[in-house]
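**Student:** The structure follows.
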Amino acid sequence: MLNSISRCRLRGVCLGVLELALLSLLSSSAAQSPQQSKAIQRQPTVGVLEFGDSTLGRLASDRLSTSLRQQGGLEVLDRDQVRAAARGAGYSGAISLSRSEARDLGAALGCDFFFLGDAQTLRRSPSASPVYFESYASIFLVSARTGRLVRWERPNYRAATAVAAEQALLAHLSAGKFDTPFTISIQRAQQAERDERELTNADQVPIIEAAPDDDKSAAAEGLGLPRPYRRLIPPYPDSAAAAEVEATVDVLVDLDAEGEVVRVEVERWAGFGLDEATVDTVRRLHFFPAKRNGVAIPIRVLLRYNFRKPPQ
(Lines give C-alpha, C1' and ligand atoms only; values in the text may rest on other atoms or scores of the structure.)
Protein backbone atom coordinates (compact mmCIF):
# COMPACT_ATOMS: atom_id res chain seq x y z
CA MET A 1 0.00 0.00 0.00
CA LEU A 2 1.03 3.54 -0.65
CA ASN A 3 1.69 5.65 2.40
CA SER A 4 0.21 9.12 2.70
CA ILE A 5 3.35 10.81 1.35
CA SER A 6 3.44 8.60 -1.74
CA ARG A 7 -0.23 9.20 -2.39
CA CYS A 8 0.30 12.95 -2.16
CA ARG A 9 3.24 12.80 -4.60
CA LEU A 10 1.25 10.69 -7.05
CA ARG A 11 -1.71 13.05 -6.81
CA GLY A 12 0.62 15.99 -7.46
CA VAL A 13 2.13 14.34 -10.55
CA CYS A 14 -1.35 13.60 -11.99
CA LEU A 15 -2.50 17.16 -11.39
CA GLY A 16 0.65 18.50 -13.04
CA VAL A 17 0.12 16.37 -16.14
CA LEU A 18 -3.53 17.45 -16.32
CA GLU A 19 -2.58 21.11 -16.04
CA LEU A 20 -0.03 20.78 -18.85
CA ALA A 21 -2.62 19.10 -21.10
CA LEU A 22 -5.15 21.85 -20.42
CA LEU A 23 -2.57 24.57 -21.08
CA SER A 24 -1.60 22.91 -24.37
CA LEU A 25 -5.25 22.70 -25.44
CA LEU A 26 -5.93 26.32 -24.51
CA SER A 27 -2.80 27.52 -26.34
CA SER A 28 -3.81 25.63 -29.47
CA SER A 29 -7.33 27.12 -29.37
CA ALA A 30 -6.05 30.63 -28.70
CA ALA A 31 -3.70 30.42 -31.68
CA GLN A 32 -6.70 30.09 -34.00
CA SER A 33 -9.09 32.94 -34.53
CA PRO A 34 -12.84 32.19 -34.53
CA GLN A 35 -12.84 32.75 -38.29
CA GLN A 36 -9.99 30.26 -38.79
CA SER A 37 -11.65 27.62 -36.62
CA LYS A 38 -14.91 28.04 -38.52
CA ALA A 39 -13.11 27.79 -41.87
CA ILE A 40 -11.38 24.58 -40.80
CA GLN A 41 -14.57 22.96 -39.55
CA ARG A 42 -16.95 23.95 -42.38
CA GLN A 43 -16.69 22.50 -45.85
CA PRO A 44 -17.38 24.79 -48.83
CA THR A 45 -21.00 24.56 -49.98
CA VAL A 46 -21.56 24.01 -53.70
CA GLY A 47 -24.66 24.20 -55.87
CA VAL A 48 -24.96 22.64 -59.33
CA LEU A 49 -27.44 24.26 -61.71
CA GLU A 50 -28.91 22.35 -64.63
CA PHE A 51 -26.93 22.60 -67.86
CA GLY A 52 -29.84 23.66 -70.05
CA ASP A 53 -33.35 22.31 -70.60
CA SER A 54 -32.38 19.24 -72.61
CA THR A 55 -32.30 15.70 -71.23
CA LEU A 56 -28.54 15.66 -71.71
CA GLY A 57 -28.24 18.92 -69.76
CA ARG A 58 -30.09 17.47 -66.79
CA LEU A 59 -28.14 14.20 -66.89
CA ALA A 60 -24.80 16.02 -67.18
CA SER A 61 -25.46 18.25 -64.16
CA ASP A 62 -26.72 15.26 -62.15
CA ARG A 63 -23.58 13.27 -62.96
CA LEU A 64 -21.33 16.16 -61.96
CA SER A 65 -23.25 16.71 -58.72
CA THR A 66 -23.05 13.02 -57.79
CA SER A 67 -19.35 12.83 -58.61
CA LEU A 68 -18.54 15.91 -56.51
CA ARG A 69 -20.48 14.47 -53.57
CA GLN A 70 -18.64 11.14 -53.80
CA GLN A 71 -15.26 12.78 -54.01
CA GLY A 72 -15.71 14.48 -50.62
CA GLY A 73 -14.34 17.72 -49.22
CA LEU A 74 -17.40 19.65 -50.41
CA GLU A 75 -20.98 20.01 -49.19
CA VAL A 76 -23.07 19.65 -52.36
CA LEU A 77 -26.55 21.16 -52.05
CA ASP A 78 -29.69 19.16 -52.82
CA ARG A 79 -30.52 19.37 -56.52
CA ASP A 80 -34.24 20.08 -55.98
CA GLN A 81 -33.33 22.89 -53.58
CA VAL A 82 -30.97 24.40 -56.16
CA ARG A 83 -33.57 24.20 -58.95
CA ALA A 84 -36.23 25.88 -56.81
CA ALA A 85 -33.88 28.64 -55.65
CA ALA A 86 -32.72 29.34 -59.21
CA ARG A 87 -36.30 29.60 -60.47
CA GLY A 88 -37.19 31.89 -57.58
CA ALA A 89 -34.26 34.15 -58.44
CA GLY A 90 -35.45 34.38 -62.06
CA TYR A 91 -32.36 32.65 -63.45
CA SER A 92 -32.87 32.06 -67.18
CA GLY A 93 -29.97 29.72 -67.89
CA ALA A 94 -27.39 32.28 -69.08
CA ILE A 95 -23.76 31.21 -68.75
CA SER A 96 -22.25 34.69 -69.18
CA LEU A 97 -22.94 36.87 -66.14
CA SER A 98 -21.79 40.10 -64.59
CA ARG A 99 -20.26 39.83 -61.15
CA SER A 100 -23.30 41.44 -59.52
CA GLU A 101 -25.64 39.00 -61.30
CA ALA A 102 -23.48 36.09 -60.18
CA ARG A 103 -23.41 37.32 -56.57
CA ASP A 104 -27.19 37.71 -56.54
CA LEU A 105 -27.65 34.20 -57.93
CA GLY A 106 -25.20 32.77 -55.41
CA ALA A 107 -27.03 34.50 -52.56
CA ALA A 108 -30.32 32.99 -53.74
CA LEU A 109 -28.78 29.53 -53.87
CA GLY A 110 -27.20 29.95 -50.43
CA CYS A 111 -23.79 28.51 -51.31
CA ASP A 112 -20.12 29.46 -51.48
CA PHE A 113 -19.61 28.33 -55.08
CA PHE A 114 -21.89 27.16 -57.86
CA PHE A 115 -21.65 25.44 -61.23
CA LEU A 116 -23.62 26.51 -64.27
CA GLY A 117 -23.31 25.48 -67.88
CA ASP A 118 -24.78 24.14 -71.06
CA ALA A 119 -24.75 20.61 -72.53
CA GLN A 120 -25.91 19.63 -76.01
CA THR A 121 -25.47 17.10 -78.79
CA LEU A 122 -24.98 18.50 -82.31
CA ARG A 123 -25.07 16.76 -85.67
CA ARG A 124 -22.06 17.70 -87.78
CA SER A 125 -21.95 17.34 -91.57
CA PRO A 126 -18.40 18.05 -92.81
CA SER A 127 -17.99 18.35 -96.56
CA ALA A 128 -14.93 16.10 -96.69
CA SER A 129 -15.77 13.44 -94.07
CA PRO A 130 -18.72 11.37 -92.82
CA VAL A 131 -21.49 12.79 -90.63
CA TYR A 132 -20.81 12.56 -86.90
CA PHE A 133 -22.33 13.70 -83.60
CA GLU A 134 -20.64 15.90 -81.01
CA SER A 135 -21.71 16.00 -77.35
CA TYR A 136 -20.26 18.75 -75.18
CA ALA A 137 -20.71 20.35 -71.77
CA SER A 138 -19.59 23.93 -71.11
CA ILE A 139 -19.03 23.99 -67.33
CA PHE A 140 -18.39 27.17 -65.33
CA LEU A 141 -17.38 27.31 -61.64
CA VAL A 142 -18.36 30.63 -60.04
CA SER A 143 -17.65 32.17 -56.63
CA ALA A 144 -20.88 33.24 -54.95
CA ARG A 145 -18.98 35.69 -52.72
CA THR A 146 -17.13 37.64 -55.42
CA GLY A 147 -19.15 36.74 -58.53
CA ARG A 148 -15.94 35.84 -60.35
CA LEU A 149 -15.57 33.00 -62.82
CA VAL A 150 -13.12 30.67 -61.08
CA ARG A 151 -12.68 27.96 -63.72
CA TRP A 152 -14.24 26.70 -66.93
CA GLU A 153 -14.03 23.45 -68.87
CA ARG A 154 -15.59 22.22 -72.11
CA PRO A 155 -15.26 18.45 -72.46
CA ASN A 156 -16.60 17.20 -75.79
CA TYR A 157 -16.83 13.83 -77.51
CA ARG A 158 -17.49 12.77 -81.09
CA ALA A 159 -19.07 9.53 -82.28
CA ALA A 160 -20.96 8.05 -85.20
CA THR A 161 -24.22 8.18 -83.21
CA ALA A 162 -25.72 10.67 -80.77
CA VAL A 163 -26.15 7.98 -78.11
CA ALA A 164 -22.48 6.98 -78.26
CA ALA A 165 -21.30 10.59 -78.04
CA GLU A 166 -23.56 11.32 -75.05
CA GLN A 167 -22.51 8.16 -73.23
CA ALA A 168 -18.84 9.11 -73.61
CA LEU A 169 -19.49 12.60 -72.24
CA LEU A 170 -21.51 11.36 -69.25
CA ALA A 171 -18.83 8.78 -68.44
CA HIS A 172 -16.25 11.58 -68.45
CA LEU A 173 -18.32 13.66 -66.01
CA SER A 174 -18.69 10.65 -63.71
CA ALA A 175 -14.93 10.14 -63.43
CA GLY A 176 -13.43 11.35 -60.17
CA LYS A 177 -10.32 12.75 -61.88
CA PHE A 178 -12.44 15.28 -63.78
CA ASP A 179 -13.65 16.86 -60.52
CA THR A 180 -10.24 17.19 -58.88
CA PRO A 181 -9.14 20.38 -60.73
CA PHE A 182 -12.43 22.05 -59.75
CA THR A 183 -11.93 21.12 -56.09
CA ILE A 184 -8.39 22.51 -56.17
CA SER A 185 -9.69 25.69 -57.82
CA ILE A 186 -12.25 26.11 -55.02
CA GLN A 187 -9.53 25.81 -52.38
CA ARG A 188 -7.33 28.33 -54.16
CA ALA A 189 -10.22 30.75 -54.68
CA GLN A 190 -11.10 30.59 -50.97
CA GLN A 191 -7.52 31.44 -50.00
CA ALA A 192 -7.36 34.28 -52.54
CA GLU A 193 -10.63 35.71 -51.24
CA ARG A 194 -9.37 35.55 -47.64
CA ASP A 195 -6.18 37.37 -48.67
CA GLU A 196 -8.22 40.00 -50.50
CA ARG A 197 -10.46 40.60 -47.48
CA GLU A 198 -7.42 41.04 -45.22
CA LEU A 199 -5.95 43.56 -47.66
CA THR A 200 -9.24 45.48 -47.79
CA ASN A 201 -9.63 45.43 -44.00
CA ALA A 202 -6.14 46.86 -43.66
CA ASP A 203 -7.22 49.87 -45.78
CA GLN A 204 -4.40 49.25 -48.24
CA VAL A 205 -6.65 49.43 -51.31
CA PRO A 206 -6.91 53.04 -52.53
CA ILE A 207 -10.32 54.44 -53.39
CA ILE A 208 -10.46 55.62 -57.01
CA GLU A 209 -13.13 57.68 -58.73
CA ALA A 210 -15.29 55.90 -61.32
CA ALA A 211 -15.75 57.62 -64.67
CA PRO A 212 -19.27 58.63 -65.79
CA ASP A 213 -20.91 56.60 -68.55
CA ASP A 214 -20.68 59.25 -71.29
CA ASP A 215 -18.79 62.37 -72.35
CA LYS A 216 -21.76 64.66 -71.75
CA SER A 217 -22.10 63.67 -68.08
CA ALA A 218 -18.34 63.95 -67.66
CA ALA A 219 -18.23 67.43 -69.19
CA ALA A 220 -20.96 68.58 -66.78
CA GLU A 221 -18.62 67.58 -63.94
CA GLY A 222 -15.63 69.33 -65.46
CA LEU A 223 -14.08 65.96 -66.26
CA GLY A 224 -12.23 64.97 -69.41
CA LEU A 225 -12.34 61.20 -69.90
CA PRO A 226 -9.18 59.24 -70.74
CA ARG A 227 -8.54 58.24 -74.37
CA PRO A 228 -6.32 55.41 -75.59
CA TYR A 229 -3.33 56.32 -77.76
CA ARG A 230 -4.47 53.55 -80.09
CA ARG A 231 -7.22 50.99 -79.87
CA LEU A 232 -6.32 47.31 -79.66
CA ILE A 233 -8.78 44.53 -80.44
CA PRO A 234 -8.53 41.35 -78.34
CA PRO A 235 -7.95 38.24 -80.43
CA TYR A 236 -10.71 35.68 -80.79
CA PRO A 237 -9.07 32.57 -79.24
CA ASP A 238 -9.23 29.06 -80.67
CA SER A 239 -10.99 27.87 -77.50
CA ALA A 240 -13.86 30.26 -78.26
CA ALA A 241 -13.87 29.35 -81.94
CA ALA A 242 -14.22 25.65 -81.07
CA ALA A 243 -17.37 26.50 -79.09
CA GLU A 244 -18.59 29.06 -81.66
CA VAL A 245 -19.08 31.58 -78.84
CA GLU A 246 -20.50 35.07 -79.17
CA ALA A 247 -20.33 37.04 -75.93
CA THR A 248 -19.58 40.34 -74.20
CA VAL A 249 -16.72 40.91 -71.76
CA ASP A 250 -16.70 43.99 -69.50
CA VAL A 251 -13.57 45.02 -67.60
CA LEU A 252 -13.04 47.69 -64.95
CA VAL A 253 -9.71 49.41 -65.54
CA ASP A 254 -7.87 51.59 -63.02
CA LEU A 255 -5.66 54.26 -64.62
CA ASP A 256 -3.13 56.38 -62.78
CA ALA A 257 -2.68 60.13 -63.29
CA GLU A 258 -0.34 59.42 -66.20
CA GLY A 259 -2.89 57.26 -68.01
CA GLU A 260 -1.12 53.96 -67.33
CA VAL A 261 -3.08 50.80 -66.52
CA VAL A 262 -2.53 49.75 -62.91
CA ARG A 263 -5.35 47.24 -62.40
CA VAL A 264 -7.81 45.25 -64.54
CA GLU A 265 -10.85 43.42 -63.13
CA VAL A 266 -13.28 41.38 -65.23
CA GLU A 267 -16.77 42.69 -64.45
CA ARG A 268 -18.73 40.56 -66.93
CA TRP A 269 -17.11 37.25 -67.80
CA ALA A 270 -17.68 34.93 -70.72
CA GLY A 271 -15.19 32.08 -70.32
CA PHE A 272 -13.75 30.13 -73.29
CA GLY A 273 -10.53 32.17 -73.09
CA LEU A 274 -12.28 35.46 -73.94
CA ASP A 275 -11.69 36.98 -70.49
CA GLU A 276 -7.96 36.25 -70.60
CA ALA A 277 -7.67 37.62 -74.15
CA THR A 278 -9.41 40.83 -73.05
CA VAL A 279 -7.28 41.36 -69.93
CA ASP A 280 -4.04 40.72 -71.81
CA THR A 281 -5.03 43.27 -74.46
CA VAL A 282 -6.15 45.95 -71.98
CA ARG A 283 -2.88 45.68 -70.06
CA ARG A 284 -1.05 46.72 -73.24
CA LEU A 285 -3.10 49.91 -73.64
CA HIS A 286 -1.79 53.42 -72.88
CA PHE A 287 -4.13 56.38 -72.34
CA PHE A 288 -4.13 60.13 -72.43
CA PRO A 289 -4.95 60.72 -68.75
CA ALA A 290 -8.28 61.81 -67.38
CA LYS A 291 -8.37 65.46 -66.31
CA ARG A 292 -10.55 67.40 -63.92
CA ASN A 293 -10.48 71.15 -64.58
CA GLY A 294 -7.24 70.64 -66.50
CA VAL A 295 -5.49 68.59 -63.78
CA ALA A 296 -4.61 64.94 -64.52
CA ILE A 297 -6.23 62.48 -62.09
CA PRO A 298 -6.42 58.70 -61.58
CA ILE A 299 -9.74 57.18 -62.62
CA ARG A 300 -11.62 53.89 -63.09
CA VAL A 301 -13.26 53.22 -66.47
CA LEU A 302 -15.47 50.44 -67.79
CA LEU A 303 -14.42 48.97 -71.13
CA ARG A 304 -16.70 46.66 -73.12
CA TYR A 305 -15.66 44.19 -75.79
CA ASN A 306 -18.18 42.34 -77.96
CA PHE A 307 -16.93 39.08 -79.45
CA ARG A 308 -18.49 37.65 -82.59
CA LYS A 309 -17.65 34.52 -84.53
CA PRO A 310 -15.21 35.38 -87.30
CA PRO A 311 -16.51 34.78 -90.84
CA GLN A 312 -15.86 31.32 -92.27
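The values are calculated or read from the model by the stated rules, or taken from the named source; none is laboratory data. Here the structure is a predicted model, which is why all the values come from computation and not from measurement. A quick note on method: Cβ atoms are made from the backbone with ideal geometry, for glycine too, and the neighbour counts reach across all protein chains shown. Areas reflect the complete protein model, heavy atoms only, side chains present, ligands, DNA and RNA absent. Shrake-Rupley method; radii C 1.70, N 1.55, O 1.52, S 1.80 Å.
**Student:** Alpha carbons only, please: Rg and Dmax for the range 60-113, in angstrom.
**Tutor:** Computed over the Cα atoms of the range 60-113, radius of gyration and Dmax are 11.8, 31 Å.
**Student:** Please find the FRET efficiency linking T66 to E134, where r is the Cβ-Cβ separation and R0 is fixed at 22 Å, and quote it to the nearest 0.05.
**Tutor:** For T66 and E134, the calculated efficiency is 0.40.
**Student:** What is the distance, in nm, between label points placed 7 Å from the Cα along the Cα-to-Cβ direction at L303 and at K177?
**Tutor:** 3.9
**Student:** What's the extension gain from L232 to D195 if we count 0.36 nm per residue and subtract their Cα-Cα distance?
**Tutor:** Contour length minus the Cα-Cα distance gives 10.1 nm.
**Student:** Counting only protein heavy atoms, what percent of the accessible surface of the range 203-312 is carbon or sulfur at a 1.4 Å probe?
**Tutor:** Roughly 50 percent of what the probe reaches on the range 203-312 is carbon or sulfur.
**Student:** Counting only heavy atoms of the protein chains, get the accessible area per residue of the range 121-251 (1.4 Å probe) and round it to a whole Å² value. Please report the intermediate quantities before stating the final value.
**Tutor:** Numbers: 7720 Å² over 131 residues.
Counting only protein heavy atoms, the per-residue value for the range 121-251 is 59 Å².
**Student:** Now a separate question. So what does the Cα-only Debye profile of the range 104-145 read at q = 0.20, 0.31 Å⁻¹, as log10 I(q)/I(0), no solvent term?
**Tutor:** For the range 104-145, the Cα-only Debye profile gives -0.67, -0.98.
**Student:** Which chymotrypsin sites (Phe, Trp or Tyr not before Pro) from the range 195-281 combine a DSSP loop assignment with at most 13 other Cβ atoms within 10 Å?
**Tutor:** Answer by residue number: Y229.
**Student:** Further, regarding this structure: Please work out how much length the chain gains when fully extended from E258 to R87, using 0.36 nm per residue of separation minus the C-alpha to C-alpha distance, in nm with one decimal.
**Tutor:** 56.9 nm
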